[in-house]
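Please treat every number below as a calculation from the coordinates, not as lab data. None of these values were measured; they are calculated from a predicted model. Every residue, glycine as well, gets a Cβ built from its backbone with ideal geometry; the counts of neighbours run over all protein chains shown.
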């Protein structure tokens, strides 16, 4: 198995305070590595990402970009360190209808990019999958998920420079977290983990530390969750895509509340404690 580069690099820097340079010390910074997604010997995309959970990233990217419809179509996956970056080499089951050339990303995707190299407007705003999950969630579950996500972000705790994507299931808590310098990459890694573990997304929801743009909704819809919760704001096109896909979009989530932009029927009042019910 290839030994991946460390996701954290400690760099020396001087600190400017009170009008002068102070002590020189180390600071933890997130690594950023080119990762090539290679299918059947051909490179489909090169994305800048954190060099952790690369297998999850490869599988999740393959699913959310529509390269495969199911994880079973990936017959083999190997991560190879090429020195200047990593290659995630995948061999796919034969599928006559698959046309990788039509979806090839001609440009490397920088860290914050979710649509780099897409060569048509139609691809950029392609319709999202319609979500059929109808699980309802309470406000307390949403707050619990965000608090758990914050505590579970080990890489962000060390660097304060990466995004997180988590999956929460009522009664089980936050069952998975993935982090990356790119918000799309973090969600792809989460998608890959859920697919590889066979986790049904319908009973849970995705929690994000980033803003919600159109491609984040497209990816969440492919995961199959009916609710996306984010601490930041959505874009107008992200809201429109969530409405179209049947996804409940909760954003600007804080300790004192949140805003529901689409399909509010999945948000319900908290249940009264059993002791209170007995007194009625």
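A few points about this structure:
- Each DSSP beta bridge with both residues in segment 137-268 is either parallel or antiparallel, and the antiparallel ones are about 60%.
- Considering only the Cα atoms of the chain, their convex hull presents on average a projected area of 18.8 nm².
- Percent RCO, i.e. relative contact order, over segment 137-268, from Cα pairs under 8 Å lying at least 6 residues apart: 20 percent
- Whole-number D in µm² s⁻¹ for segment 2-49, Kirkwood Cα-pair radius fed into Stokes-Einstein, 20 °C, 1.002 mPa s: 155 µm²/s
- Here the residues 81, 180, ranked from fewest to most Cβ neighbours within 10 Å of their Cβ, fall in the order 81, 180.
- Dimensions of segment 137-268 based on its C-alpha atoms, expressed as ranges along the principal axes with the largest first, amount to 36, 33, 30 Å.
- From least to most packed, judged by other beta carbons within 10 angstrom and beginning with the fewest, 94, 189, 151 follow the order 94, 151, 189.
- Estimated [θ] at 222 nm from DSSP helical runs (n ≥ 4, -39500 (n - 2.57)) normalised by residues in the chain, nearest 500: -8000 deg cm²/dmol
- Once C-alpha pairs closer than 8 Å and six or more residues apart are averaged by separation and normalised to the residue number of the chain, the relative contact order reads 17 percent.
- The packing ranking, built from the mean of other Cβ atoms within 10 Å per residue, places the peptides 264-270, 230-236 in the order 230-236, 264-270, highest first.
- Between segment 6-35 and segment 238-272, the alpha-carbon center distance in angstrom: 38 Å
- Ranked for footprinting exposure by Cβ neighbours inside 10 Å, fewest first, 190, 63, 227, 237 give 237, 63, 227, 190.
- Rg/Rg_ref, segment 1-111, where Rg_ref = 2.2 N^0.38 Å and atoms are Cα: 1.40
- Compactness relative to 2.2 N^0.38 Å, alpha carbon Rg of segment 143-182: 1.13
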